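Asker: Here it is: the structure, laid out below.
The values are calculated or read from the model by the stated rules, or taken from the named source; none is laboratory data. Everything numeric in this text was worked out from a predicted model, so none of it was measured. Here the Cβ positions follow ideal geometry from the backbone for every residue, glycine too, while neighbour counts run over all protein chains shown.
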Amino acid sequence: MALTNAERQKRWREKQKEKNKQGFLAKERARKKKTYVSVDKLSKKDLEKRRMAGRKREKKSYYVRKARKSLNNGEKSVTHTRLVVRMPPLKKKYNRALRRANRELEELRQKNGELEKSKRKIQKRCERLVKTNLDSTMNHNKGYSADESSMAESKPPTPLTPRSKAVRDMTKDGLNPRVHSTTRRRLIEANATIAAFSPALRHKKVRSDLI
């Protein structure tokens, strides 16, 4: 498998340390001194970055020294303590949430049933009101029509004039009064003559043999 640049550089440094460790370290110290910047000249961000890198190096060296010390004392490996975190039981939490959801669902169902009952009551009330209004309106209309019929029955019929009586008779027989003007004129004269003699006939008794 191909190596990365960082891995190649690491191997090269290890080889240099194996060949001449003191000389390699002296060259590294000299190189660091040339590129070193004092703390006074660093910005706040760079200063914090340098301090974090120093802490990491110190922590790493501490664990390395501890491992070497344990190996020197005869321990085969460094023992690491396992951190055990106790989590709350998920099953109880799930059951509690499920019971809460079921309780809320039951409450919503009860409210829905109450709303349905009130809705049906209001609908029946509206139906009764509509039916009552219709009955009252029909009774009022019946009374009004009965009053009109009684008034029409009590009102005496309007007497016809000779002209209107002639037009009525011609229309009834299927004749147009405007076309048959001569017939209409003769009917008008006959109706006028009858209307003129009818009052005298009502007040005077006429013998039946003369009629």
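Asker: What pairs can you find where one residue is in the stretch 93-109 and in a helix (DSSP H, G or I), the other is at pLDDT 85 or above, and their Cβ atoms are less than 8 Å apart, with a gap of 6+ or different chains?
Answerer: So the pair list comes out empty.
Asker: Here's a follow-up. Only residues that are among the basic types (Lys, Arg) and under 22 Å from the mean Cα position of the chain (by Cα): list them for the stretch 106-132, please. Let's see the steps before the verdict.
Answerer: Within the stretch 106-132, the first condition is being among the basic types (Lys, Arg), and the residues that meet it are 109, 111, 117, 119-121, 124-125, 128, 131.
Once the filter is applied, which keeps residues that are among the basic types (Lys, Arg) and under 22 Å from the mean Cα position of the chain (by Cα), the stretch 106-132 yields ARG109, LYS111, LYS119.
Asker: Might you check whether a residue that is surrounded by fewer than 10 Cβ atoms within 10 Å (Cβ to Cβ) and at pLDDT below 90 occurs anywhere in the stretch 54-68?
Answerer: no
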